[in-house]
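Participant: This is the structure I want to talk about, given as structure tokens.
The values are calculated or read from the model by the stated rules, or taken from the named source; none is laboratory data. Being a predicted model, the structure only gives us computed values, none of them experimental. For neighbour counting, all protein chains shown are included, and Cβ atoms are generated from backbone atoms with ideal geometry for every residue, glycine included. Accessible surface is based on the protein model in full, side chains and every heavy atom, while ligands, DNA and RNA are left aside. Shrake-Rupley method; radii C 1.70, N 1.55, O 1.52, S 1.80 Å.
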Amino acid sequence: MENDNLPEAWLRGPVDGIDPLLQPVAHALIQSKEEIEKYTHGFPDELIWQQPAGRASVAFHLQHIAGVIDRMLTYAHAENLTTEQFEYLDAEGKMNETIKLKFLEEAAIEKIEEAILHLSEISPSILLEKRTVGRKKLPSTLIGLLFHAGEHTQRHIGQMLVTISVLNERSKKEV
């Protein structure tokens with residue numbers, strides 16, 4: 001992989017076009033994108049829905065990453081979720097054998113890239129503006145939503161890595 005010899009994203013300096021206050025979010029998202037590409041490379045489609053020890057599948061993690069970023073961007077725009085977003089949320093993690101890893105990987109990466117583009121369009125003067133989350137309108141701020149998109153994505157990348165590692169190891173033993 002082309003990024004194997006690079007330091008982690010946060011150690012590569014500022015991301016062009018992103019305000020310094022949003023650099024940590026951009027770095028987390030860039031790192032997530034690279035790790036999705038790295039960890040899913042060569043992973044077989046027939047394992048994406050498996051749930052070792054009852055934990056979330058690789059497919060769920062990728063769907064959830066795309067879904068959370070999409071929802072956080074909606075809230076960041078001070079908008080409510082659409083019917084389609086609620087339907088997507090409901091479908092996250094439900095087995096659908098017609099969905100392939102490449103599709104899930106591309107969807108997650110597309111949302112990550114959309115979020116990074118969104119970061120470049122934000123003025124630091126509005127980062128503390130109030131935003132609400134969900135039907136209950138729970139309180140947050142714009143920077144809180146953006147930070148959550150980055151850290152939540154990283155959390156699921158870590159969980160996905162463990163799932164991939166367990167399933168790959170299990171597959172080796174079965175051969």
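Participant: Enumerate the calculated ³J(HN,Hα) couplings along segment 43-50 in order (Karplus 6.51 cos²θ - 1.76 cosθ + 1.60, θ = phi - 60°), each rounded to whole Hz, writing x wherever the residue is Gly or Pro.
Facilitator: Per-residue couplings from phi come out as 6, x, 3, 5, 9, 5, 9, 5 Hz.
Participant: Among 135-148, 4-17, 108-121, how do they line up from the highest to the lowest mean number of other beta-carbon atoms within 10 Å?
Facilitator: Numbers: 135-148: 15.9, 4-17: 11.6, 108-121: 17.8.
Averaged packing, sorted descending, gives the order 108-121, 135-148, 4-17.
Participant: Where does segment 105-175 land on Rg(C-alpha)/(2.2 N^0.38 Å)? Walk me through the numbers on the way to the answer.
Facilitator: Numbers: Rg = 17.4 Å, N = 71, 2.2 N^0.38 = 11.1 Å.
Segment 105-175 yields a ratio of 1.56.
Participant: Give me, ordered by chain and number, the residues 5 or more places off T141 or on other chains with an amide H under 5 Å from its own placed amide H.
Facilitator: R131
Participant: Additional query: Helix-derived [θ] at 222 nm for the chain: sum -39500 (n - 2.57) over DSSP H runs of at least 4, divide by residue count, nearest 500? All intermediate terms of the calculation are to be shown ahead of the outcome.
Facilitator: On the way: 5 runs with 99 residues, N = 175.
My calculation for the chain gives -19500 deg cm²/dmol from helical runs alone.
Participant: If I take all pairs of Cα atoms in segment 64-114, what percentage of them are more than 18 Å from each other?
Facilitator: 32
Participant: What is segment 1-104 by shape, rounded, prolate or oblate, if you read a ≥ b ≥ c off the alpha carbon gyration tensor as root eigenvalues and call it rounded for a/c under 1.5, prolate for a/b larger than b/c, and oblate otherwise? Intermediate values should be presented prior to the final figure.
Facilitator: Numbers: a/c = 2.76, a/b = 1.20, b/c = 2.30.
The shape class here is oblate.
Participant: With all protein chains present, how much of the accessible area of the chain (probe radius 1.4 Å) comes from carbon and sulfur, to the nearest whole percent?
Facilitator: Details: 5600 of 10050 Å².
With neighbouring chains kept in place, the figure for the chain is 56 percent.
Participant: Compute the helix-to-body angle for 23-40: its Cα long axis versus the longest principal axis of the chain, expressed 0 to 90° and rounded to tens.
Facilitator: It works out to around 20 degrees.
Participant: Using only Cα atoms, find the angle between the long axis of helix 101-120 and the longest principal axis of the chain, and express it within 0 to 90 degrees, rounded to the nearest 10.
Facilitator: 20
Participant: Could you sort the peptides 151-159, 97-105 by per-residue average Cβ neighbour count (10 Å cutoff), highest mean leading?
Facilitator: On the way: 151-159: 18.4, 97-105: 14.7.
So the peptides 151-159, 97-105, ranked by packing, come out 151-159, 97-105.
Participant: How large is the direction-averaged shadow of the alpha-carbon convex hull of segment 25-76, in nm²? Don't skip to the end; give the middle numbers.
Facilitator: On the way: hull surface 17.4 nm².
It is 4.4 nm².
Participant: Could I ask something else about it? Counting Lys +1, Arg +1, Asp -1, Glu -1, what net charge surrounds L142 among other residues with beta carbon under 10 Å of its beta carbon?
Facilitator: Details: positive: K130, R131; negative: E129.
Local charge sum for L142: +1.
Participant: List the relative contact order of segment 1-146 as a percent without decimals, with contacts defined as Cα pairs under 8 Å and 6+ residues apart.
Facilitator: Numbers: 135 pairs, mean separation 40.2, N = 146.
Averaging sequence separation for qualifying contacts and normalising by length gives 28 percent for segment 1-146.
Participant: What does the accessible area per residue of the chain come to in Å², with a 1.4 Å probe and no ligands, DNA or RNA counted?
Facilitator: For the chain, the per-residue accessible area is 57 Å².
Participant: Which value, to two decimals, describes the C-alpha radius of gyration of the chain once divided by 2.2 N^0.38 Å?
Facilitator: That ratio works out to 1.08.
Participant: Using a basic spin-label model with each label point 7 Å from the Cα along Cα→Cβ, how many nm lie between F103 and E151?
Facilitator: For F103 paired with E151, the spin-label model returns 3.4 nm.
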